[in-house]
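Read the structure below first, then the notes.
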Amino acid sequence: MPVIMVAGTDNMKIAVLSGKGGTGKTLVAVNLAAVSRQATYIDCDVEEANGHLFFKPEWLKKEDIAVKVPQVNEDLCDGCRKCVNFCKFNALVYIKDKLQIFEEICHSCGGCLLVCPFKALKEKDKVIGVIQKGVSDNVIIYTGLLNPGEPSGVPIINKLLSKENVPENQLTIIDCPPGSACVVMESIKDADYCILVAEPTLFGVHNLNMVYQLVKLFNKPFGVLLNKCLPEDNPAEKFCRENRIRILSRIPFDNNLGTLNSNGEIVVKKEKKYQQLFSSLLDTVVKEVQYETTANP
Amino acid sequence: MKIAIPAENRNIDSNVCASFGRAPYFLIYDIETKESTFKENTAAVSTGGAGIKAAQIIVDEKVNTLLTVQLGENAAKVLKGADVRIYKAIDASIKENIESFAADKLVLLTQIHAGYHGRGNR
């Protein structure tokens, strides 16, 4: 099935987020990228990246991502404990005349090295995960994978969204992790527009409110996409009306959509009505961003 | 020999605190001199790694024995590295725990949990 071309999407970064998992972030992000003329899709949900399951890309590149953790030279350490007392994450202890380092607690700030009067600490690389680059038709795919047990995916997301991966003159779709914590902030910080995906339940409203507060705090232009819409009243829609939030589009609760998606299919390539829905959503967002750029340059 | 017990309040009749790293106080009790002092647990307000810092405090107090309801893996690593013996506290007052320990009725803590690692304050 031919894909509708949406023009004027150059140099635009659209983030897709939600307060909880399973609302449809990946569905939206994958299909927006697939329906565009050309896009880079970046999966920042590094704890459970799954966008690649839809694109089934040909992998081109794989790169280890490392952070710095301290290492002690016991001959130089005199037990002054300046580093132990400095560390806000309590990654260091001094027990039985020996410095002990908890690498998985360390947040790689490098402060312990700075406060050590004896230069007894130096940094070493610790691999925390990988990023992979692949291609599938009109979409370049970047995926980050954090190793289990690591405290933070932020360094991987930071690398995923670095200048070398985000091309200047192309549409970039950022598939965010769920929630509103540091990893989400890192994912949206350079976005031109945020799409908030919401479910039609009270729980969905609670989660929508979390990301709504976040995008307001970051002063990002945003709109809501109501997913899994039923004929009955939609609490998420009510929330949007009460807070004068722009509703971008509505995706119906549709068994067929669920089945296609569960089978790892890209729905815009399978169903004409979803091809139209996502083309029109992309159009709407592009216009919003263009308006924003004109109104608030 | 010095014993440490996580405490909710500065009172020997109050219950043992169920948390180790986030306990507000530790009772430090000297079995020989029967001397007891409540030490504020400055680790309790940590963003993360409270168990590690609390263990450091216990070790610095030259404690040989800890009576606690539960313990995370990082704190256990620090305490074991310092040869602190860890017993399972019973759900009762601090005083009753000291008496039970003195009467040899407490057992060694064998279950070490994986730690909450910041999940408490997300």
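The values are calculated or read from the model by the stated rules, or taken from the named source; none is laboratory data. A quick note: this is a predicted structure, and the numbers were derived from the prediction, not measured. Neighbour counts are summed over all protein chains in view; Cβ atoms, including those assigned to glycine, are modelled from backbone coordinates with ideal geometry. Accessible surface areas use protein heavy atoms only, side chains included; no ligands, DNA or RNA. Shrake-Rupley method; radii C 1.70, N 1.55, O 1.52, S 1.80 Å.
Structure summary
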| quantity | calculated |
| --- | --- |
| Alpha-carbon Rg/Rh ratio, for segment A:67-127, with Rh computed the Kirkwood way | 0.91 |
| Chymotrypsin sites (Phe, Trp or Tyr not before Pro) within segment A:85-192: DSSP coil, no more than 14 neighbouring Cβ in 10 Å | A:F118 |
| DSSP loop GluC sites (Glu not before Pro) with at most 13 other Cβ within 10 Å: longest gap in chain A | A:75-163 |
| In degrees, nearest ten, helix A:272-295 long axis to first principal axis of chain A (Cα) | 70 |
| Virtual paramagnetic centre 7 Å along Cα→Cβ of A:N243, amide N under 11 Å, in segment A:205-228 | A:205-217, A:223-224 |
| Within the accessible area of segment A:67-127 (1.4 Å probe), percent carbon and sulfur | 52 |
| Backbone HN-Hα couplings from phi across segment A:236-252 [Karplus 6.51/-1.76/1.60, Hz, Gly and Pro as x] | 5, 5, 4, 4, 5, 4, 4, 9, 6, 9, 5, 9, 7, 5, 10, 9, x |
| Ratio of Rg to Rh over the protein assembly as shown (Cα coordinates, Kirkwood Rh, two decimals) | 1.09 |
| Protein-protein interface of segment A:92-140, residues with accessible area decrease of at least 30 Å², isolated chain reference, 1.4 Å probe | A:V93, A:I95, A:K96, A:Q100, A:F102, A:I105 |
| Chymotrypsin sites (Phe, Trp or Tyr not before Pro) within segment B:21-119, DSSP loop, no more than 16 other Cβ atoms inside 10 Å | B:Y116 |
| Size of segment B:2-113 as Cα extents on the principal axes (Å, biggest first) | 34, 26, 24 |
| Accessible area (Å², per residue) of segment B:2-113, counting only protein heavy atoms and a probe of 1.4 Å | 48 |
| Pairwise Lys count, segment A:193-297 - Cα closer than 19 Å, eight or more residues apart or different chains | 6 |
| Residues whose placed amide H lies under 5 Å from that of B:N41, excluding near-sequence neighbours | B:Y25, B:F26 |
| Segment A:224-297, relative contact order [Cα under 8 Å, separation at least 6], % | 26 |
| For chain A: accessible area per residue (Å², 1.4 Å) | 48 |
| Diffusion constant of segment A:187-289 at 37 °C, which comes from Stokes-Einstein with the Kirkwood Cα-pair radius and 0.692 mPa s, µm²/s | 226 |
| Centroid-to-centroid separation of segment B:1-37 and segment A:178-207 [C-alpha atoms, Å] | 44 |
| Accessible surface buried once B binds A (1.4 Å probe; total of both sides; Å²) | 1200 |
| Where GluC sites (Glu not before Pro) in DSSP loops with at most 10 other Cβ within 10 Å are excluded, longest remaining stretch of chain B | B:36-122 |
| Lone cysteines, chain A (no partner Cβ under 4.7 Å) | A:C44, A:C77, A:C80, A:C87, A:C106, A:C109, A:C116, A:C176, A:C182, A:C194, A:C229, A:C240 |
| Check: chain A dipole with +1 on Lys, Arg Cβ and -1 on Asp, Glu Cβ, in debye | 340 |
| Residues A:F118 and B:L108, FRET efficiency given R0 of 25 Å [Cβ-Cβ distance, rounded to 0.05] | 0.05 |
| Inter-site label distance for A:F218 and B:S93 at 7 Å from Cα along Cβ, in nm | 5.4 |
| Trypsin sites (Lys or Arg not before Pro) within segment A:1-110, DSSP loop, no more than 14 other Cβ atoms inside 10 Å | A:K88, A:K96 |
| Segment A:36-57-segment A:90-160 distance, computed between alpha-carbon centres (Å) | 24 |
| Mean separation of Cα contacts under 8 Å (6+ apart) over length of chain B, as relative contact order % | 26 |
| Protein-protein interface of segment B:23-59, residues with accessible area decrease of at least 50 Å², isolated chain reference, 1.4 Å probe | B:I52, B:Q56 |
| Neighbourhood net charge (12 Å Cβ-Cβ; Lys/Arg +1, Asp/Glu -1) for A:I141 | -1 |
| Solvent-accessible area, 1.4 Å probe, carbon plus sulfur percent, for segment B:2-113 | 48 |
